[in-house]
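So the structure is just underneath, and the comments pick up after that.
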Amino acid sequence: MIKIGIILGSTRPKRNGPQVADWVLEAASARGDAEFELIDLADHPLPHLDEAVAPMFGPSAHEHTRAWAARIAPFDGFVIVTPEYNHSAPGVLKNAIDHIFAEWVDKAVGFVSYGAGGGVLAVEHLRSICGVLGMADVSRQVSISVLTDFRNYTEFVPGERHTAALHAMLDQLTAWSTALAPLRHIEGAEYEDAEQLSVTR
């Protein structure tokens, strides 16, 4: 069975993200078509990108990056739960994405966003970023307004439309994660450098 990681992309104190991510995890885990697991960036503190060379050129010399790579590598796809900060995604999320490369390649990704405008601008930026990494971003997404979908701006109250949108996105995500499996498991594949990897993938 494929494994999907649900990445909680905010680390701010008193963040609304855990409520949204827990809702995603609960709904997804009841489906039975994949294994779902929460990945909270607050549990994986990373310094501002400190790699001497680009991550695509091989394993990092830093233990914190190797540990992050090991956490991400086993998953076949991801749901990114992100707020929108100033018309984009949180810096901590971008930094976590930038720390590794091969662990993202040929995996599918879907988005659940929240913000005053539903977080749609954050997702637009993340789609471009994930595309450069060789990820397949699914078209369906979940957009949640902190103005209308949170009671007193702090308590998430998902509506039926959100649940329907979530399952539509997960339908695409599990299908694409499964379809991409042959590219992730090429027997005996060894890449001498990033150029060979980019050509092959």
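Check Ser10: other-chain or 5+ apart residues with amide H under 5 Å from its amide H, H built from backbone geometry?
Under 5 Å from the amide H of Ser10 lie the amide H atoms of Leu41, each far enough along the sequence or on another chain.
Add -39500 (n - 2.57) for each DSSP H run of 4 or more in the chain, then divide by its residues: what number comes out at 222 nm, to the nearest 500 deg cm²/dmol?
-11000 deg cm²/dmol
When we measure straight from the Cα of Lys14, which aspartates and glutamates land under 16 angstrom away, once same-chain ones fewer than 8 places off are left out?
Within the straight-line cut-off, Lys14 pairs with Asp22, Asp40, Asp43, Glu84, Glu155.
Cβ under 12 Å from Tyr114's Cβ, Tyr114 left aside: what net charge do those residues give with Lys, Arg +1 and Asp, Glu -1?
-1
P(r) for the stretch 95-195: what percent of alpha-carbon pairs falls in each 5 Å bin, starting at zero?
2, 12, 18, 19, 18, 13, 9, 5, 3, 2, 0
Pop out the carbon and sulfur fraction of the accessible area of the stretch 42-154 as a percent, whole number, probe 1.4 Å.
Its accessible area is 58 percent carbon and sulfur atoms.
Please list, in chain and number order, the residues 5+ apart from Asp137 or on another chain whose amide H is under 5 Å from its amide H, with Hs placed from the backbone.
Answer set, sorted by chain and number: Val109.
With a cut-off of 8 Å between alpha carbons and a minimum separation of six or more residues, what is the relative contact order of the chain in percent?
Once normalised by length, the contact order is 22 percent.
Could you work out how far helix 160-179 tilts from the main Cα principal axis of the chain, as a 0 to 90 degree angle to the nearest 10?
10
When the chain is fully extended, how far beyond the present Cα-Cα distance does Ser88 get from Ser139, taking 0.36 nm per residue of separation? Walk me through the intermediate numbers first.
Numbers: separation 51, 0.36 × 51 = 18.36 nm, distance 1.83 nm.
In short, 16.5 nm is gained.
Compute the long axis of helix 63-72 from its Cα atoms, compare it with the longest principal axis of the Cα atoms of the chain, and write down the angle in degrees, 0 to 90, nearest 10.
Relative to the chain, helix 63-72 is tipped by roughly 70 degrees.
How many Å² of accessible area per residue for the chain, probe 1.4 Å?
The answer is 50 Å² per residue.
Antiparallel DSSP bridges in the stretch 1-148: what percent, to the nearest 5?
Working: 1 of 26 bridges.
Around 5 percent of the beta bridges assigned by DSSP in the stretch 1-148 are antiparallel ones.
Please list, short to long, the whole-number percent of alpha-carbon pairs of the chain in consecutive 5 angstrom bins beginning at zero.
Taking every Cα pair in the chain, the percentages come to 1, 7, 16, 20, 21, 16, 10, 5, 2, 1, 0.
From largest accessible area down, sort His62, His162, His125; use a 1.4 Å probe on the protein chains.
Result of the area sort, largest leading: His125, His62, His162.
Show Asp22, Asp149 ordered by accessible area, largest first, where the area counts protein heavy atoms only and the probe is 1.4 Å.
Asp22, Asp149
Taking the Cβ-Cβ separation of Thr148 and Arg127 as r and a Förster radius of 25 Å, what is the calculated FRET efficiency to the nearest 0.05?
E between Thr148 and Arg127, to the nearest 0.05, is 0.55.
Rounding to the nearest 10 and keeping the result within 0 to 90°, find how far the Cα-based axis of helix 17-29 lies from the longest principal axis of the chain.
The angle comes out near 80 degrees.
At R0 = 35 Å, how high is the FRET efficiency between His167 and Met56 if r is their beta carbon distance? Nearest 0.05 is fine.
0.55
The values are calculated or read from the model by the stated rules, or taken from the named source; none is laboratory data. What you are looking at is a predicted structure, and each value in this text was computed from that prediction instead of being measured. Please note: Cβ atoms are built from the backbone with ideal geometry, for glycine as well, and neighbour counts cover all protein chains shown. The protein model used for the area step is the full one, side chains on, heavy atoms only, and it has no ligands, DNA or RNA in it. Shrake-Rupley method; radii C 1.70, N 1.55, O 1.52, S 1.80 Å.
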